[in-house]
1. Any chance region 254-266 includes a residue that's within 28 Å of Pro156 (Cα to Cα), buried (at least 17 other Cβ atoms within 10 Å of the Cβ) and at pLDDT below 75?
2. Would you check which residues across region 177-229 are within 22 Å of the chain's Cα centre (by Cα), farther than 19 Å from Val43 by Cβ and of a type in the set (S, T, N, Q) and list them?
3. Among the residues of region 154-179, write down those that are surrounded by fewer than 17 Cβ atoms within 10 Å (Cβ to Cβ) and assigned to a loop (DSSP other than H, G, I, E, B).
Amino acid sequence: MRGLRARDALVGVTAFALVMAAMLYVLAEQRFAGSWPTADRTVVATADDASYLDLVDGTQRQATLKRQRTVRRTFSTVPGADAVLVSTNTVTADGDVVSRQRWTAAQRRFTGSAVDSTANVEKFASFNESGDAVEEDRQLRGVRGILVRFPRDTQPVTYRRWDPETRQTGEAVFLRTERLHGAEVLVFRQVEKASTDADGTSTRSDTTLWVRPEVGGVVKTASHVVVRASADGQPTLDARFVDSASSVRQASRDVDREMVRQRVRSTVLPGMAVLVGILAGVATVIMGRPGGFSWRRRRARQ
């Protein structure tokens with residue numbers, strides 16, 4: 001009777017381990033790169049020999065500009081979507097501010113498709129009666145296409161993408177496949193004609209993006225941005241920003257780490273569960289044979 005109960009227990013362990021292996025694999029595949037980026041990310045880009053309008057004295061200057069772009073995940077009111085807060089600061093080598101952008105929008109998990117929601121807003125500065133700058137919210141309308149990420153398992157095709165420079169949706173056209181930091185990336189290019197803001201300022205952009213297709217993460221960006229003033233069409237900014245080598249390296253490492261985690265979740269852990277199930281199954285078979293484990297019983301009697 002005791003041996004029968006032990007066999008029943010081993011059968012239960014075998015069944016549980018095999019079912020657990022299947023569940024671990026399915027859950028790992030379902031959760032893989034559901035949200036991207038998975039943590040706050042800051043990217044630094046530089047533009048050599050850029051032209052910008054000095055707001056202090058109104059003169060046109062040539063300088064190297066540094067742009068810092070931070071993406072943070074925030075609370076989302078849209079079911080099935082992540083909200084991202086994107087802050088972009090462009091400064092000179094001396095730290096003088098050339099431009100600032102800050103906006104929040106929602107994107108669908110797994111696909112990165114933007115959700116046109118009332119929660120999509122941008123910050124803009126206005127001046128009160130005392131001449132002080134006041135930051136206010138303004139709703140972002142017509143946000144459609146890919147937002148911060150590309151879909152998981154990105155394909156070499158053309159995607160609709162919302163361009164944060166021009167605030168309009170266009171086509172990110174697939175160009176080619178490259179190797180970057182030892183991994184295959186898909187290269188896309190999006191060219192947007194000048195769009196005009198409410199104050200008459202026009203912006204056009206030409207952006208190239210390097211995408212890791214496994215997670216749809218953008219690991220490198222190069223963007224030519226031209227901004228013209230509303231009054232006389234004078235360029236207030238003409239710069240070609242390219243992500244720094246350290247930012248590209250860090251973004252690539254983030255994807256590599258996620259790939260390692262996925263291999264552990266989808267291969268190692270289910271494999272261990274399968275191994276436990278196999279061992280328990282073998283033990284069940286041995287116990288079912290005449291004289292199974294009899295050497296242990298004899299040793300116990302001795």
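The values are calculated or read from the model by the stated rules, or taken from the named source; none is laboratory data. Here the structure is a predicted model, which means the values were calculated and not measured. Glycine also receives a Cβ, built like all others from the backbone with ideal geometry; neighbour counts cover every protein chain displayed.
1. Yes, region 254-266 has at least one match.
2. Answer for region 177-229, where residues must be within 22 Å of the chain's Cα centre (by Cα), farther than 19 Å from Val43 by Cβ and of a type in the set (S, T, N, Q): just Thr177.
3. Answer for region 154-179, where residues must be surrounded by fewer than 17 Cβ atoms within 10 Å (Cβ to Cβ) and assigned to a loop (DSSP other than H, G, I, E, B): Gln155, Pro156, Val157, Thr158.
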